[in-house]
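Report on one structure; see the data block that follows.
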Amino acid sequence: MTSVAPVILLAAEKESAEVTDWAARVGWVVGLGLFVALVYWLMREGWKWRGTLQGDLPELPSAPDDPGAAKLVLSGRYHGSTTASQWLDRIVAHGLGTRSRVELTLTDAGLDVVRPGAADFFVPVAALREARLDKGIAGKVLTEGGLLVVTWAHGDKLIDSGFRSDHAAEHNTWVDTLNDMINKTETEGAR
């Protein structure tokens, strides 16, 4: 029992050293806080600058009054939009860079994108170009095929928008249905 007593005494004697220079400690904390605030401000200014550069993007179309019956409905997440085939070139103009929950509805008129807390938009069927499964879009990387990417034309720009369903098994059905609609529209347009 005598060998345990010195260990307990040593453990009881160990204490943190008292802070003797409070001014230096407070200075470091304030300096670190100002540095974090500066970095955050610079990131925000960069986001706003990117939006200004993309100011030539036309306003997003809204859904027609009567889009028709729903072919498919998807509930999930909207992960953002990028310039087509450039998965790191995020588009932030008109709120397209804002991640959010999403309710997608596919009708004969097009794709209705309803985003609570962000701007809703509508992609007319004539603007749809391609649907595919992918693994990533600006700032979000998932497993292979974990992201539904819809390519669509807006103004003179092709845009990729990334969605992830709450039920990933729905992705294949969406890709097949969207591509069938696109092919049908192109065939009818060629006649």
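Quick rundown of the values:
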| read-out | value |
| --- | --- |
| Pairs where the first residue, in region 179-191, is modelled with pLDDT of 70 or more and the second is of a type in the set (K, R), C-beta under 7 Å, 6+ apart | I182/R129 |
| Given (1) surrounded by fewer than 19 Cβ atoms within 10 Å (Cβ to Cβ); (2) among the polar types (S, T, N, Q); (3) more than 30 Å from R44 (Cβ to Cβ); (4) modelled with pLDDT of 90 or more, index of the condition S165 fails | (1) |
| Residue selected from region 120-162 under the condition among the hydroxyl-bearing types (S, T, Y) and modelled with pLDDT of 90 or more, by the criterion farthest from I91 (Cα to Cα) | T151 |
| Single match in H94, H167, H171 (criterion: within 16 Å of P61 (Cβ to Cβ) and not in a strand (DSSP E or B)) | H94 |
| Selection status of G117, outside any strand (DSSP E or B), more than 24 Å from K184 (Cβ to Cβ) and either in contact with a strand residue (DSSP E or B) (Cβ under 6 Å, 6 or more places away or on another chain) or at pLDDT 85 or above (or both) | yes |
| Residue in region 77-89 that is surrounded by fewer than 14 Cβ atoms within 10 Å (Cβ to Cβ), out of contact with any Asp or Glu (no Cβ under 6 Å at 6 or more places or on another chain) and of a type outside the set (G, A, S) present | yes |
| Residue match in region 45-59 (condition: modelled with pLDDT under 85, open to solvent by less than 30 Å² (accessible area, probe 1.4 Å) and among the hydrophobic types (A, V, I, L, M, F, W, C)) | yes |
| Residue match in region 103-119 (condition: aliphatic (A, V, I, L, M), in contact with a Pro (Cβ under 6 Å, 6 or more places away or on another chain) and open to solvent by less than 40 Å² (accessible area, probe 1.4 Å)) | yes |
| Residue tally, condition over 16 Å from T173 (Cα atoms), part of a loop (DSSP other than H, G, I, E, B) and open to solvent by 10 Å² or more (accessible area, probe 1.4 Å), over region 138-153 | 4 |
| Which numbered condition K135 misses (of (1) surrounded by fewer than 16 Cβ atoms within 10 Å (Cβ to Cβ); (2) more than 19 Å from the chain's Cα centre (by Cα)) | (2) |
| From the options A138, A153, A118, residue that is in contact (Cβ under 8 Å) with a residue 24 or more places away in the chain and either farther than 21 Å from K48 by Cα or out of contact with any Ser or Thr (no Cβ under 7 Å at 6 or more places or on another chain) (or both) | A153 |
| Residues located in region 66-76, provided they are open to solvent by 10 Å² or more (accessible area, probe 1.4 Å) and either under 18 Å from I137 (Cα atoms) or touching a residue at least 60 places away in the same chain (Cβ under 8 Å) (or both) | K71, L72, S75 |
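The values are calculated or read from the model by the stated rules, or taken from the named source; none is laboratory data. All values derive from a computational prediction rather than experimental measurement. Quick reminder, even Gly has a Cβ in these numbers, built from the backbone with ideal geometry, and neighbours come from all protein chains shown. Ligands, DNA and RNA are stripped out before the accessible areas are found, and what is left, the full protein with its side chains, is counted by its heavy atoms. Shrake-Rupley method; radii C 1.70, N 1.55, O 1.52, S 1.80 Å.
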